[in-house]
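Quick notes on the structure that follows.
The values are calculated or read from the model by the stated rules, or taken from the named source; none is laboratory data. Just so it is clear, the model here is predicted, and its values are computed rather than measured. Positions of Cβ are generated from backbone atoms using ideal geometry, with glycine treated the same way; all protein chains shown enter the neighbour counts. Quick note on the areas: whole protein, heavy atoms, side chains included, nothing else; ligands and nucleic acids left out. Shrake-Rupley method; radii C 1.70, N 1.55, O 1.52, S 1.80 Å.
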Amino acid sequence: MVLKSMSDLKGIVAGKPRKRLVLAAAQDQHSLGAVLRAWKDDIIEPIFIGDTDGIQALCRENGYDIAGIKIVHEPEIDKSVELAVKMLSSRQGDILMKGKVGTSLLLKCVLNKEWGLRTGNLLSHIALFEVDTYHKLIAVTDVAMNIAPNLKDKISIVNNSVSFLNRLGYVMPKVAVLGAVEMVNENMEATLHAALLSKMNQREQIRNCIIDGPLAFDNAVSLESAQHKGIKSEVAGDTDLLLMPDIEVGNVLYKSLVFFAKAKVASIILGAQVPIVLTSRSDSEQAKYDSILLSAAASK
Ligand code: COD
């Protein structure tokens, strides 16, 4: 099974019990709009933590009906994130969502050693894109959490992503490990990592997926381009998951797909005690809604 469009995610969550979603620093228009849509669609049961006056004012201005939704008043942003994370770690919720707060602050709270949402695994970010010019959804990791992952980190990032894709119904997702070129170049670390990850996959040290790399971006997403270069690969042109060399490359690809290619995107953090909806503040309400769908699909 592969997902062809964001709306396929609805099929995955349909019929599942509603998840309790805690929105930290909830005074954010697009986040509120997306959460309320997901509530109406019976996907989640929201809990808002944040500045009650700010939340109510935004809801009034936008005609949102929030009758019946629990609001916990905490106007200070860092305290509201701490409270939200503590609610999740004490199992009073199933999904954490970032509202009007910086990514780094939220992640630092999630990683707090005493009351955070660590599991002993590496946490990583995954984004799913629907692009008109590709024949199915394509996942990209890690574009927002791990800054410069080493080989060990990349193994964990692949494992997090593959087990998530397996849960979504992908039996053997095809993973392209990106470099600037498709040949191993001893001066380009990303190509060395890619070659090692591919070999580890062949030797079944990394399972439940097919990994190939290094592949340049064009070879990963276009069979014609791979054939032109004489590359024989099961992954080329049919990639389900792109593994990025580092956060800079990943983040630029993310923003390019959204701003230039008008791609739809959904993204979450994997590997914590609960899925975390961590969209960028510039992401649309639709992207936040699709990310909630993705988190509900990820939630156990
Ligand atoms: N998974 C699990 N544990 C981790 C991870 C991870 N991905 N990253 C760090 N830790 C642990 C470390 O082992 C350590 O015990 C503790 O957390 C602190 O580690 P530091 O000192 O490396 O981390 P911090 O707190 O300085 O930074 C962690 C961040 C996630 C905040 C940092 O990596 C970061 O800023 N990432 C980029 C976030 C961002 O700005 N994204 C923007 C794109 S939209």
Does T103 fit the bill of being out of contact with any helix residue (DSSP H, G or I) (no Cβ under 8 Å at 6 or more places or on another chain), within 16 Å of the ligand (Cβ to nearest atom), open to solvent by less than 70 Å² (accessible area, probe 1.4 Å) and closer than 28 Å to D240 by Cβ?
yes
Do we find a residue being open to solvent by 70 Å² or more (accessible area, probe 1.4 Å) and more than 26 Å from the chain's Cα centre (by Cα) anywhere in region 34-54?
yes
State all residues of region 114-151 that are of a type in the set (A, V, I, L, M), more than 8 Å from the ligand (Cβ to nearest atom) and within 19 Å of V252 (Cβ to Cβ); if no residue qualifies, say none.
I126, A127, L128, V131, I138, A139, V140, A148
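Just wondering, is there one or more residues in region 136-146 that are open to solvent by 60 Å² or more (accessible area, probe 1.4 Å) and either part of a helix (DSSP H, G or I) or in contact (Cβ under 8 Å) with a residue 24 or more places away in the chain (or both)?
Of the residues in region 136-146, the ones open to solvent by 60 Å² or more (accessible area, probe 1.4 Å) are none.
Checked against the condition, which is being open to solvent by 60 Å² or more (accessible area, probe 1.4 Å) and either part of a helix (DSSP H, G or I) or in contact (Cβ under 8 Å) with a residue 24 or more places away in the chain (or both), region 136-146 yields no hits at all.
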How many residues, within region 220-260, are in contact with a strand residue (DSSP E or B) (Cβ under 8 Å, 6 or more places away or on another chain) and of a type in the set (F, W, Y)?
1
Residues S295, S284, S299: which one is touching a His at 6+ places or on another chain (Cβ under 9 Å) and of a type in the set (S, T, N, Q)?
S284
What pairs come up if the first residue lies in region 199-212 and is closer than 19 Å to T141 by Cα and free of Cβ contacts under 8 Å to residues at least 40 places away in the same chain, the second is surrounded by 12 or more Cβ atoms within 10 Å (Cβ to Cβ) and among the small types (G, A, S), and their beta carbons are under 8 Å apart, counting only those six or more places apart or on different chains?
D212/A176; D212/S198; D212/S233; D212/A236
Would you check if there is a residue in region 61-80 being surrounded by fewer than 12 Cβ atoms within 10 Å (Cβ to Cβ), modelled with pLDDT of 95 or more and under 27 Å from K113 (Cβ atoms)?
no
Residue, surrounded by the most Cβ atoms within 10 Å (Cβ to Cβ), within region 151-169, restricted to residues that are in contact (Cβ under 8 Å) with a residue 40 or more places away in the chain and more than 16 Å from the chain's Cα centre (by Cα):
I155
Does K264 qualify as being touching a strand residue (DSSP E or B) at 6+ places or on another chain (Cβ under 8 Å) and open to solvent by less than 10 Å² (accessible area, probe 1.4 Å)?
no
Strands (runs of 3 or more DSSP E) within region 197-300 that include 3 or more residues within 16 Å of the ligand (Cβ to nearest atom):
264-270
